[in-house]
1. Are there any trypsin sites (Lys or Arg not before Pro) in the stretch B:87-136 that are in a DSSP loop and have at most 15 other Cβ atoms within 10 Å? List them by number.
2. Taking each residue of A:90-97 in turn, how many C-beta atoms of other protein chains fall within 10 Å of its C-beta, and what is the average?
3. Would you please give the FRET efficiency between residue A:39 and residue A:105, computed as 1/(1 + (r/R0)^6) with r the Cβ-Cβ distance and R0 = 30 Å, to the nearest 0.05?
4. Considering only chain A, what is the antiparallel percent among its DSSP beta bridges, to the nearest 5?
5. I need A:23, A:102, A:95, B:60 ordered by Cβ neighbour count within 10 Å, fewest first.
6. How many angstrom lie between the C-alpha centres of the stretch A:80-109 and the stretch A:1-67?
7. Which order results if B:93, B:111 are arranged by neighbouring Cβ count within 10 Å, fewest first?
8. Most exposed first by the Cβ proxy, i.e. fewest other Cβ within 10 Å, how do B:125, B:47, B:56 rank?
Amino acid sequence: MKNECRTQNDGDFVLVTVSGEVDLSWSQQIRKAILDGLAKAGAVGVELSQVSYIDSSGIAALVEGFQNARGKGQKFALIAASPSVRGVLELARLDRVFPMVDTVEAARA
Amino acid sequence: MAGRALLKLTIPAKAEALKSLRDALNEALDRTGAEAGVRERLVLAVHEAACNVIRHAYPDGADGSIRLSLTRQRGNLRFWLRDFAPPVDPKAIKPRDLSECRPGGLGINFIDDTMDSWRLRPVKHHRGNVLTMRKRLRGTGHQ
């Protein structure tokens, strides 16, 4: 799976779709995509079903997005987090912190 | 501790080299018979240790390298990660409180949670630091 971060704008909702192995070499790209999304829309969803690996820098990008959104009263959710992502979130005791949904539609609602 | 060498690897202390470290380590751990979930945790812990070297040990993106070796003696794995950066203060390196929700600072927690023990110390009489991490594998038999 190729390392990729794609952004789609849909009205007041931004979908950031991440795939591949998220690590220090490119996690800043994901961080920027999330923060850019929050700067232009009221809600951001981060789709993570195709993420086969994530390190603490990737988790940090998600945390920063979540805190940023919460501070401004914006919506932020993780969508379809892969088992790898869920495992690392549990290790970081963050699995009950993020709003997590199974579909993009649920994130938009 | 002596033991059978399963992996010896040197990578540049650059984030782009981390994938090669993970792949080589994953392959070496696969040969131990460790189950997938355990392998993933071990690879993550060692990866995080290498990330800490890249981010904190070599100042301002200075060129440097990271050496990793993995040995096994019966069911005991020993990971040895060496850098050639200025000495660290081991007392300053500790897991943080995970009840605080904030980005960053998770690497040492991942190492601490995964490994049975770990120790970071400057190398005596030479430049650099060594992080030694140990993990006992369960149920894989002796080799």
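Just so you know, all these numbers are worked out from the coordinates, no wet-lab data involved. Note that the structure is predicted; figures quoted are calculated from it, not measured. So basically every Cβ, Gly included, is an ideal-geometry build from the backbone, and we count neighbours across all protein chains shown.
1. Here the trypsin sites (Lys or Arg not before Pro) that fit, given the DSSP loop and packing criteria, are B:96, B:124, B:127.
2. The shielding value for this peptide is 3.
3. 0.80
4. Roughly 30 percent of the beta bridges in chain A run antiparallel, per DSSP.
5. Ranked by crowding around the Cβ, least crowded first: B:60, A:102, A:95, A:23.
6. About 12 Å separates the Cα centre of the stretch A:80-109 from the one of the stretch A:1-67.
7. On the way: B:93 16, B:111 23.
The order, fewest Cβ neighbours first, is B:93, B:111.
8. Ordered from fewest to most neighbouring Cβ atoms within 10 Å, B:125, B:47, B:56 come out as B:125, B:56, B:47.
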